[in-house]
Amino acid sequence: MGPNEIFEWFNQAPIDKTWSFTNCKPSDTGKWTHGYHRYPAKFIPQLVERLMDEYLTNGNASVNDPFMGCGTTIVSAISRGFHASGTDINKVAYLMTGAKAKAIHPDHLEKKVKHFLSEICNLGEKDGLFNNNQIHPHIPERHLEKIDYWFTESTRDELGKILSVIRKEDESVIKFFLLVAFSHVLKTCSIWSQSSTKPIRDLNKRSTLPYDAIKRHLLKMLRGNSQFYDVVPSDVKNNPDDYLNIRIGSAEEQPVPNNSVDLIVSSSPYVTSYEYADLHQLSTLWLDLAGDLKEYRKEFIGTSYKHYDHKVLKGQIASEIVSNMVPKSKKKAKEIEAFFIDMQEVFDESYRILRPTGRCCFVIGNTKLKGVDILNAEAFAESLQYAGFKLDKLIKREIPLKILPQKRDEKTGRFASKDKADSEAYPTEYIVIGLKE
């Protein structure tokens, strides 16, 4: 399809309400291990499961997600006994997915969690471990100033002692589990505004005590693991490394051979949306996952810190979006150009790893920034063809459950409250499906 045919294809696409999953409750979308860690803009497992129902007939299938994020696609694939692979440049996302995709024997996990809670239960009490010099707080020295910006001294020291106890755990799957719980409660225990996904301090916030927060969340995670353990096939539980192949790394380089994947289901970052390195900075700081946050940000696709001078953007639709942005903001135009160039390389990699007759399903929405229509989905469709895919299907869905800011100020491009904004940010989204013939 040429650009005009693509636009016509999109214009004629009706909203398919069966893909909105409006009947799903939070307990459905957060089932199993999906509720281990907060994550913005994640799609729900029901979407992945339906795509697997439609496109996978092989019981030994392989599923990939080049932007695995918090692991929704990976966990869904593992739950059905499929081989799952993927990457994410975000080291916190890798931690989440690694924990969520491993089904641990419930009795063993409960024993481990109870022992851990017994070790930290007196933290903060006058005669407890808080004042026990044998428990030294583990606080990354090079990030101390930034940690002190977000946490009170007493909370910082208590979290440091909890982290010291976690670091003593020698069973890696248990350590991952505990680290995810630790990461999840950091925002609640900090003075980061609880209602904001952006890094904003709330000096009047009544932060939750670390022990209370992590105990409550670990009990929830125990229930999720037990439910997940019940649905994961025995062979996968007994041989998890044979089925799970995930890496920290770029979406342009997947850890699987040519022609080895049956289905790709992914949602890429949005060039106009979140800085994921900033959103997860509390975890990045505490777990010492990056030395220089500014340099770390540059590795992310969709970041405002990236631009290219020597790479060529192929697609006409993407090029026109960039051209339309130039009069508004040359800087933003370069960011958008870099985003579409990166995605072009992701689609090339997707074509490499898929088997013939395999499909890639990219979930993406359109928006408007500084008065310019950012037609991500149409640009993706054209770019998929450059990679060699045939455009197979287009699904247009409403996103009532997706955790995204829904309003944007057209002049500034910033997300805003509903009463102050004048345009929808992501009222609907598309699933663009490419077929490797």
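Within segment 160-179, the residues that satisfy the criterion of being farther than 17 Å from Pro210 by Cβ, part of a helix (DSSP H, G or I) and open to solvent by 30 Å² or more (accessible area, probe 1.4 Å) are Ser172, Val173, Lys175, Phe176. Is it the case that some residue within segment 31-41 is at pLDDT 95 or above, charged (D, E, K, R) and crowded, with 20+ Cβ neighbours inside 10 Å? Checked against the condition, which is being at pLDDT 95 or above, charged (D, E, K, R) and crowded, with 20+ Cβ neighbours inside 10 Å, segment 31-41 yields at least one hit. Checked against (1) out of contact with any Ser or Thr (no Cβ under 6 Å at 6 or more places or on another chain); (2) of a type outside the set (A, V, I, L, M, F, W, C); (3) surrounded by 24 or more Cβ atoms within 10 Å (Cβ to Cβ), Lys91 passes all but a single condition, namely (3).
Considering only residues that are part of a helix (DSSP H, G or I) and closer than 11 Å to Leu285 by Cβ, which ones fall in segment 138-155? Full working, then the answer.
Going residue by residue through segment 138-155, those that are part of a helix (DSSP H, G or I) are 141-150, 153-155.
Arg142, His143, Leu144, Glu145, Lys146, Ile147, Asp148, Tyr149, Trp150 - these are the residues of segment 138-155 that are part of a helix (DSSP H, G or I) and closer than 11 Å to Leu285 by Cβ.
Counting only helices (runs of 4 or more DSSP H) that sit completely within segment 242-345, those holding 1 or more residues that are out of contact with any Ser or Thr (no Cβ under 6 Å at 6 or more places or on another chain) and open to solvent by 70 Å² or more (accessible area, probe 1.4 Å) correspond to 293-297, 316-325.
The residues of segment 193-251 that are without any contact (Cβ under 8 Å) to a residue 40 or more places away in the chain and either aromatic (Phe, Trp, Tyr) or under 23 Å from Ala41 (Cβ atoms) (or both), listed by number, are Ser193, Gln194, Ser195, Ser196, Ile200, Asp202, His217.
For segment 14-30, give me the residue count where each residue is of a type in the set (Val, Ile, Thr) and either crowded, with 18+ Cβ neighbours inside 10 Å or on the phi > 0 side of the Ramachandran plot (or both).
Restricting attention to segment 14-30, the residues satisfying the condition of being of a type in the set (Val, Ile, Thr) are 15, 18, 22, 29.
Filter again for either crowded, with 18+ Cβ neighbours inside 10 Å or on the phi > 0 side of the Ramachandran plot (or both), leaving 29.
Residues in segment 14-30 being of a type in the set (Val, Ile, Thr) and either crowded, with 18+ Cβ neighbours inside 10 Å or on the phi > 0 side of the Ramachandran plot (or both): 1 in total.
Collect the residues in segment 201-225 that are among the hydrophobic types (A, V, I, L, M, F, W, C) and open to solvent by less than 70 Å² (accessible area, probe 1.4 Å), keeping them in residue-number order. Show your work before the answer.
First pass over segment 201-225, keeping only residues among the hydrophobic types (A, V, I, L, M, F, W, C): 203, 209, 213-214, 218-219, 221-222.
Listed by number, the residues that qualify are Ala213, Ile214, Leu218, Met221, Leu222.
Residue by residue through segment 42-63, note down the ones that are of a type in the set (D, E, K, R) and either buried (at least 21 other Cβ atoms within 10 Å of the Cβ) or touching a residue at least 40 places away in the same chain (Cβ under 8 Å) (or both). Hit for segment 42-63 is Lys42, nothing else. Screening Arg352 on (1) open to solvent by 10 Å² or more (accessible area, probe 1.4 Å); (2) touching a Gly at 6+ places or on another chain (Cβ under 7 Å) shows it passes everything except condition (2).
The values are calculated or read from the model by the stated rules, or taken from the named source; none is laboratory data. It should be emphasised that the depicted structure is a prediction, and the values quoted were computed from it without experimental measurement. All Cβ positions, even for glycine, are placed from backbone atoms using ideal geometry, and neighbour counts span all protein chains on display. Areas reflect the complete protein model, heavy atoms only, side chains present, ligands, DNA and RNA absent. Shrake-Rupley method; radii C 1.70, N 1.55, O 1.52, S 1.80 Å.
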